[in-house]
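Only one structure is covered here, and it is reproduced in the block below.
Bear in mind that the values in this text are calculations on the coordinates, not laboratory data. None of these values were measured; they are calculated from a predicted model. Positions of Cβ are backbone-derived with ideal geometry, glycine not excepted, and every protein chain shown enters the neighbour counts.
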Amino acid sequence: MITVQGVVDRVGPTLLHTRLPGTAEHVTDVVIAEPGGRDPIGQGDLVLGVGVHGTKDAAELVRYCEGAAAVLLKPPLPGRAAVRSAAQAVGVALVEVNAAASWAQVVLLLRSVLDADADESDEHHDAEPGLGDLFRLADAAAAVVDAPVTIEDANSRVLAYSARQDRTDPARVSTIMGRRVPDDVLARFRSRGVFRDLSRGRTTIFVPRQKDGTLPRLIVPIRMGGELLGSMWAVVPGPVSDERASAFADTAPVVALHLLRRRAREDAGRRRSAELVRTVLEGTGSVRLAAAELDLPDEPHRVVAIAIRTPDPLGAEGMRLALWERITAGVGRRPAVTELRDVLYAVVADRTGWPALRQALTGEEGPLVAAGPAAPLTELAASRSLAEEMLNLLRTGLIGGPVVSHEEAWTVLALHRSATGALASGATDFGPLAVLTAHDERSGTSYVDTLYEWLRHPGDPRAASGALRIHPNTLRYRLAKLVELAKVDLDDPDTRLALLVQLAALHWA
């Protein structure tokens, strides 16, 4: 346990100075108090006199804080006789806070000192490493603004939230339950220009109550070096005083440091995970050891290749990072992800991970997604190769997308490979096909396409004419003309098969 003087010494004389010692043996917590407030004060609390400006109010606050470790006030209040007398009467220490210091910074520094002093065995266990500090910062910011707060990243994902969320509205509840702002709520705030104001660097943004019952919000951007790292959202009952809004905004730089530190940890973890995933995908090194470190269960998995659809390379980079975070935030069992040549690769369990990932990524504006066949962990290199091949065919439009699995596209793969081989061998350079092609180019006819659809639908002229969007009689007329032109015997099965191979090569390569 740390004493009042220990806290003052650790924060430093620039910000804090003990003006009167107290009787408390140790410090337990930091709380905010204001004139007329009657929030309970615990044994060993450091009580901050935010908004206390008069001697009478300060003395009253000190008397109310009997049992606390210390009351922190800005000058000249700690030196006033009435305040000192009140402190001596109840045994509370008086600590003077530098007049230029913001209360938000003081709160955060004090909490950091107490957290550092806490026994490591009592460390807060969070869903993600390092988020305990953010939850404590959210509580500190909530105390400053006197309203429940969420800390969100630049993609509106909730990183931490304060207590007292029961005093909010359905939009906030759904945000916390889903750990990200719902799309409909995002749309409402976007229509009010909130995110435009965030990007422009405004210090605070106030959004009044909305017609659907959504309570007012006070929003503070979290920036560092001009980059928007995220934002803090307080659900407030109405307009907030300039002093309190400024105090809330003063917490942003400290939160920014934590977000940068968290990003550094995540980047290091992501790099390590990415290297292990590459080992699995390439089949190099000890695949089983890499899979064990990635916590991949010993069951069939798929490699899923994912490409962002945008012509802007810089935009694509940011979208890939956002998509990476979205995937690893919990699509089914946490997938293993890496990036190679501007493509994201996710390794997902076949029975559970792939259906969940497919559902999450399917959408009109979503990325292109190709899933290779299921395979044992030691054979995922082959699944990756097929996923890459299907992704390339998605990009060219040979496979209809935007999301496809190997089972749905193996016929296109087989035809494309056969076509590529046939073209490479020059199999389309001889026979009657060259005559038909030249005639189509010269006369504007469609004999090559007609022959292709007729061969694709053997014995079914209605289906062939439907594919060409012509009448069956027109199909028969064209066939008669092209047979006469090319002098080809379509009754011979080998002729039909050879022509189909040539035409498939032209269509699928």
Given Cα pairs under 8 Å that are at least 6 residues apart, what percent is the relative contact order of region 332-437?
19
Decide, for region 359-438, between rounded, prolate and oblate: order the square roots of the alpha carbon gyration tensor eigenvalues as a ≥ b ≥ c, take rounded if a/c falls under 1.5, and otherwise choose prolate if a/b is larger than b/c, else oblate.
oblate
What FRET efficiency, computed as 1/(1 + (r/R0)^6) with R0 = 25 Å and r the Cβ-Cβ distance, is obtained for ALA101 and SER241, rounded to the nearest 0.05?
0.85
Please report the antiparallel percentage of the DSSP beta bridges confined to the chain, to the nearest 5.
75
Nearest-0.05 FRET efficiency for ALA89 and LEU260 at R0 = 56 Å, using Cβ-Cβ distance, is 0.75
Extended-chain gain in nm, criterion 0.36 nm per residue less alpha-carbon gap, SER425 and THR362
18.8 nm
Express in nm, to one decimal, how much length is gained between ASP197 and ASP342 on full extension, taking 0.36 nm for each residue of separation and deducting their alpha carbon distance.
49.1 nm
Any idea what Rg and Dmax come out to for region 131-250 if you just take the C-alpha atoms, in Å?
12.9, 37
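Let me know the charge dipole size of the chain about its Cα centre in debye, to the nearest 20, where only the beta-carbon of Lys, Arg (+1) and Asp, Glu (-1) is charged.
Roughly 1280 debye, rounded to the nearest 20.
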I want to make sure I understand the PRE zone here: with the label point 7 angstrom from the Cα of ILE470 toward its beta carbon, which residues in region 419-437 have backbone N atoms less than 19 Å away?
432-437
Options PRO376, ALA291, LEU16, ranked by Cα towards positive dipole end of the chain, top entry (Cβ charges)
LEU16
Between LYS481 and GLU66, what length comes free when the chain is fully extended (0.36 nm per residue of separation minus the Cα-Cα distance, one decimal in nm)?
138.8 nm
With Kirkwood's inverse mean 1/r over C-alpha pairs for Rh, give me the Rg to Rh ratio of region 449-490, two decimals please.
0.94
Paramagnetic reach from THR378 in region 289-304 [backbone N under 14 Å; point 7 Å along Cα→Cβ]:
289-292, 298-300
Cα centroid distance between region 467-497 and region 197-225, in Å?
69
Three-way shape call for region 4-117 based on the alpha-carbon gyration tensor, with the a/c threshold at 1.5
rounded
So for the chain, taking the charge dipole from beta-carbon charges (+1 Lys/Arg, -1 Asp/Glu), which of PRO208, LEU159, VAL50 sits furthest toward the positive end?
PRO208
What lysines could a cross-link reach from LYS74, if we take a straight Cα to Cα line under 18 Å and drop same-chain neighbours fewer than 8 places away?
LYS56
For region 1-114, give the share of DSSP beta bridges that are antiparallel, in percent and rounded to the nearest 5; count only bridges with both residues there.
30
For region 42-98, what is the charge dipole size about the Cα centre, in debye to the nearest 20, if Lys and Arg each add +1 at the Cβ and Asp and Glu each add -1 at the Cβ?
180
Principal axis box of the chain, alpha-carbon based, largest edge first, Å:
117, 54, 34
What is the distance, in nm, between label points placed 7 Å from the Cα along the Cα-to-Cβ direction at SER446 and at ASP460?
1.9
Label-point gap, in nm, between ARG190 and PHE206 - each point 7 angstrom along Cα→Cβ
2.7
D_trans [Stokes-Einstein, Kirkwood Rh over alpha-carbon pairs] for region 204-279, 25 °C, 0.890 mPa s, µm² s⁻¹
168
Dipole magnitude of region 394-445 about its Cα centre, charges +1 at Lys/Arg Cβ and -1 at Asp/Glu Cβ only, in debye to the nearest 20?
100
